[in-house]
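The values are calculated or read from the model by the stated rules, or taken from the named source; none is laboratory data. What you are looking at is a predicted structure, and each value in this text was computed from that prediction instead of being measured. When we count neighbours, we look across all protein chains shown, and the Cβ atoms used for this are built from the backbone with ideal geometry, even at glycine. With ligands, DNA and RNA removed, areas are computed over all heavy atoms of the protein, side chains included. Shrake-Rupley method; radii C 1.70, N 1.55, O 1.52, S 1.80 Å.
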Amino acid sequence: MKTNLFRLAVWCFLTALSTMTMAQKKSFTLEDLNFGGKNYRAMQPKNENYGWWGDQLVRIENNTCTILNPAKLTESGTISLSDINGCLDESDQVGYLFGVEFPYPDSTLVMLNNGKKSLLYDWKKNKVVWTQTSGFDISSWSKASRALAYVDGDQLFVIDGKGNVNQLTRDGSREIVYGQSVHRDEFGIYKGLFWSPDGQRLAFYRMDQSMVDDYPQVNTFTRIATEEPDKYPMAGEKSHLVTVGVYDLATGSTTYLKAGDPTDRYFTNIQWSPDSKSIYIQELNRDQTDIELTVYDALSGDRRGVIYREHNDRYAEPLFPITFLPWDSRKFLLMSQKDGYNHLYLMDINGKQLKQVTQGPWVVLDLVGFNTKRKSVVILSTEASPIQNNLYEVSLSNGKRTLLDNGRGCHANTWQEDGRHTSVLSASGQYIYDNYTEPDVPRCIDLLTLGKKDRRQLFAADDPWADYEVPDFSCGTIKAADGTTDLYYRMVKPVGFDPSRKYPTVIYVYGGPHARNVEARWHYMSRTWETYMAQKGYLLFILDNRGSKDRGLAFEQATFRQLGQVEMEDQMQGVAFLKSLPYVDADRIGVHGWSFGGYMTITLMTHHPEVFKVGVAGGPVIDWKWYEVMYGERYMDTPATNPEGYEKTSLIAQAKNLKGKLQIIQGLNDKTVVPQHCISFIEACIQAGTQPDFFVYPGEPHNMRGHKSVHLHERITQYFEDYLK
């Protein structure tokens, strides 16, 4: 009896202790969870920064850089911020070491920037050996010649390695644009300056947009509102003209590539030949059905010819420049989706396909780099799972693939300016530092060695949410509306979930091209706002419908010429799944999304008004004829060639069907989805007698910046609290 009483007492004590521990768990605020919040950084998994000095690993901290031998992980040197600043005048002091580069594998030189000057510091000799003016918003530096190309006051300049300044252009303006990204950042384009490997020639974009109509953006912060027009080529309207110039450092002359009439053509994925004598460009027709890989003589500008062609009846979309083999300058790798999935093809410089290097019902996400000794290439792919990103070594001789990482999660989470992952690979390709995450792993960094199975951990982040009430994050699949295709979803259940209750449910939707919302990252890549809503008692559901990325051409092109329709069918399959769950309140389903997701929100609200009680649409597309040329025409063709598709997908005629509570939110100075979209929809609602709510952020672009994002998400949350809960 006494034993039983003792056990009962212990059980009561432990239960009470557990209850007290649970009660002590903290609740999140938007200042914790939103990226504009005051405490946001503290709530993110900690990180460490690494780089490469040749094959030596460098741990980069605020005040020091530590050189590590990757074979033994022993320290072989330290670079100190205080030592660097001891070599500089007070006006040239460097504030921190984040962002340093080691441009020369065989030299102890470190590249630093203080916002006004670039400096090369010899960390063995403890002296600054070279400086150059910097601080330009648009610039590109050549490590080979130490020349800097930059744009200043709309004109293009080059400073050579000795400090001599050369002005290349004099007609630059808002209509004649030099050295910047063109074609509205589509086709993988992110810059407009391209140095040759030897640093002696600069290729650059020139964009004439004088024929493109102005969209009348307005600055409302002046005493009397003033016009700040933006060149915005809408689908079916006149687009800009792009040419490519080549500046020669030795002669000081500029030659333009003789590409012919640039009207209705796209010049993408510029790549230099290893000998710096030729330029390769993947050119598209305006209909985006035909790719031509064209070669130009860099000195004369002459067009040498088209060495490769690719056609797709719907659209072809080159996103990666060709990549030459470091051990054979007569061969290169081409990325293409021509077999239905993005894969690597080995080609020679005459355009002959030598072999398909990778193959299978999965996609190559990136070509990370090469191992010259092993004659292999390192890739990032979805082979292990459509929601994973994993590193593989691929032999170019036999195509054998070897998994390099642990086979779970999403790896190589270190992006460069161009979105590539090449910085994770050492100079010889022997080592990789792999920053990765898994659904239950906030962050780890491992050191991988090609040819060896061992993975050595460099860093593991603690869970920054350990002291907080955290919802349950899960992932699964349902069938698409076609009955065969698997679609991945993420579910976030309310904090303190009780399966006997019925919960209001919010579907977060994007659904458009070039995005995945569900990945095998920490919490299945859940947006932190979902946690905030789960804390307030909502269930969140996120589904990647057909049309989203990295699942192959058939999956992505299912939406061709009818954006929003197949996506809506798949999202309604998600609704059917939710309604089958006993803990989902079918009478309290809401939907929220931004940009394409804003379009999908209103599409769902107006096509299925009986299902969705509340919606919040941010920066929504309303009619694709008001969207830009490159993206809009790729997926919809032009309004003239696809009038039925544009009419079917427009939401103007659907305004009369609105029944639930809909809030539309718009950045007043949005240059991506211009305000004409939502204003036109509101006018249609007025004519139809329906009643959406509307909120504007003055001066803000497509997404709210800084702390305004906290205000935005509090507003979104409150709308659901007011009308769905």
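Scanning the stretch 73-105 for residues that are among the charged types (D, E, K, R) and open to solvent by 50 Å² or more (accessible area, probe 1.4 Å) returns 75, 83, 89, 90, 101.
Please tell me if residue 561 is at pLDDT 95 or above, out of contact with any helix residue (DSSP H, G or I) (no Cβ under 8 Å at 6 or more places or on another chain) and not hydrophobic (A, V, I, L, M, F, W, C).
Details: at pLDDT 95 or above: yes; out of contact with any helix residue (DSSP H, G or I) (no Cβ under 8 Å at 6 or more places or on another chain): no; not hydrophobic (A, V, I, L, M, F, W, C): yes.
No.
Name the single residue that is farthest from residue 187 (Cα to Cα) among those in the stretch 250-291 being among the acidic types (Asp, Glu) and in a strand (DSSP E or B). Restricting to residues being among the acidic types (Asp, Glu) and in a strand (DSSP E or B), the top hit is 290.
Residue 370 meets each of the listed conditions (1) open to solvent by less than 10 Å² (accessible area, probe 1.4 Å); (2) not in a loop (DSSP other than H, G, I, E, B) apart from (1).
Could you say which residue among 121, 150 is crowded, with 19+ Cβ neighbours inside 10 Å, more than 30 Å from residue 253 (Cβ to Cβ), among the hydroxyl-bearing types (Ser, Thr, Tyr) and touching a residue at least 12 places away in the same chain (Cβ under 8 Å)? Criteria check complete, one pass: 121. Give me the residue from the stretch 389-406 that is among the charged types (D, E, K, R) and open to solvent by less than 30 Å² (accessible area, probe 1.4 Å) and, out of that set, nearest to residue 438 (Cα to Cα). Among those residues, the one meeting the criterion is 405. Residues that are farther than 20 Å from residue 618 by Cα and of a type in the set (Lys, Arg) within the stretch 515-535 comprise just one, 521. Here residue 437 fulfils each of the conditions (1) in contact with a helix residue (DSSP H, G or I) (Cβ under 6 Å, 6 or more places away or on another chain); (2) part of a loop (DSSP other than H, G, I, E, B); (3) not basic (Lys, Arg) apart from (2). Against the conditions (1) within 30 Å of residue 297 (Cβ to Cβ); (2) among the hydroxyl-bearing types (Ser, Thr, Tyr); (3) crowded, with 17+ Cβ neighbours inside 10 Å, residue 329 satisfies every one except (3). The helices (runs of 4 or more DSSP H) found entirely in the stretch 606-725 that carry 2 or more residues being open to solvent by 40 Å² or more (accessible area, probe 1.4 Å) and over 27 Å from residue 219 (Cα atoms) are 643-649, 676-688, 708-723.
For the stretch 269-288, the candidate set comprises residues that are open to solvent by 50 Å² or more (accessible area, probe 1.4 Å), out of contact with any strand residue (DSSP E or B) (no Cβ under 6 Å at 6 or more places or on another chain) and in contact (Cβ under 8 Å) with a residue 24 or more places away in the chain; within that set, the residue that is farthest from residue 327 (Cα to Cα) is 287.
Working only within the stretch 126-145, note down all residues that are of a type in the set (Ser, Thr, Tyr) and without any contact (Cβ under 8 Å) to a residue 40 or more places away in the chain.
We begin by selecting, within the stretch 126-145, every residue of a type in the set (Ser, Thr, Tyr); these are 131, 133-134, 139-140, 142, 145.
Within the stretch 126-145, 131, 133, 134 qualify.
A count restricted to the stretch 343-353 and to residues that are free of Cβ contacts under 8 Å to residues at least 24 places away in the same chain and either buried (at least 21 other Cβ atoms within 10 Å of the Cβ) or of a type in the set (D, E, K, R) (or both) stands at 3.
Residues of the stretch 216-254 being over 25 Å from residue 284 (Cβ atoms), touching a Pro at 6+ places or on another chain (Cβ under 7 Å) and surrounded by 15 or more Cβ atoms within 10 Å (Cβ to Cβ), which ones? 217, the sole residue that qualifies. Go through the residues of the stretch 384-402 one by one and say whether even a single one is among the small types (Gly, Ala, Ser) and either touching a His at 6+ places or on another chain (Cβ under 8 Å) or within 27 Å of residue 523 (Cα to Cα) (or both). Yes, the conditions are met somewhere in the stretch 384-402. Answer yes or no: is there a residue in the stretch 494-514 that is open to solvent by 30 Å² or more (accessible area, probe 1.4 Å), in contact with a helix residue (DSSP H, G or I) (Cβ under 6 Å, 6 or more places away or on another chain) and more than 30 Å from residue 617 (Cα to Cα). No, the stretch 494-514 has no match at all.
Is it fair to say residue 57 is free of Cβ contacts under 8 Å to residues at least 40 places away in the same chain, open to solvent by less than 30 Å² (accessible area, probe 1.4 Å) and not β-branched (Val, Ile, Thr)? Lay out the reasoning, then the answer.
On the way: free of Cβ contacts under 8 Å to residues at least 40 places away in the same chain: no; open to solvent by less than 30 Å² (accessible area, probe 1.4 Å): yes; not β-branched (Val, Ile, Thr): yes.
Taking the combined requirement at face value, the residue does not satisfy it.
Among the conditions (1) modelled with pLDDT under 95; (2) in contact with a Leu (Cβ under 8 Å, 6 or more places away or on another chain); (3) open to solvent by 60 Å² or more (accessible area, probe 1.4 Å), the only one that residue 479 does not satisfy is (1). Filtered by the rule that a residue be surrounded by fewer than 23 Cβ atoms within 10 Å (Cβ to Cβ), within 15 Å of residue 49 (Cβ to Cβ) and in contact (Cβ under 8 Å) with a residue 24 or more places away in the chain, the stretch 415-433 gives a lone residue, 423. The residue that is farthest from residue 304 (Cα to Cα), counting only those in the stretch 230-272 that are among the charged types (D, E, K, R) and out of contact with any His (no Cβ under 8 Å at 6 or more places or on another chain), is 230. Scanning the stretch 603-644 for residues that are of a type in the set (A, V, I, L, M, F, W, C), over 25 Å from the mean Cα position of the chain (by Cα) and over 30 Å from residue 587 (Cα atoms) yields a single hit, 640. Taking the stretch 454-481 as the range and being part of a loop (DSSP other than H, G, I, E, B) and either among the aromatic types (Phe, Trp, Tyr) or without any contact (Cβ under 8 Å) to a residue 40 or more places away in the chain (or both) as the test, the residues that pass are 454, 465, 466. Of all residues in the stretch 482-491, none satisfies being of a type in the set (Lys, Arg), surrounded by fewer than 21 Cβ atoms within 10 Å (Cβ to Cβ) and either at pLDDT below 95 or outside any loop (DSSP other than H, G, I, E, B) (or both).
The residues of the stretch 295-318 that are in contact (Cβ under 8 Å) with a residue 24 or more places away in the chain, surrounded by fewer than 17 Cβ atoms within 10 Å (Cβ to Cβ) and either within 21 Å of residue 204 (Cβ to Cβ) or small (Gly, Ala, Ser) (or both), listed by number, are 299, 300, 302, 303, 304. Residues in the stretch 135-147 that are within 14 Å of residue 163 (Cβ to Cβ) and open to solvent by less than 20 Å² (accessible area, probe 1.4 Å): 147 alone. Residues of the stretch 541-563 that are of a type in the set (Gly, Ala, Ser), open to solvent by less than 30 Å² (accessible area, probe 1.4 Å) and either in contact with a Phe, Trp or Tyr (Cβ under 6 Å, 6 or more places away or on another chain) or in a helix (DSSP H, G or I) (or both): 552, 558.
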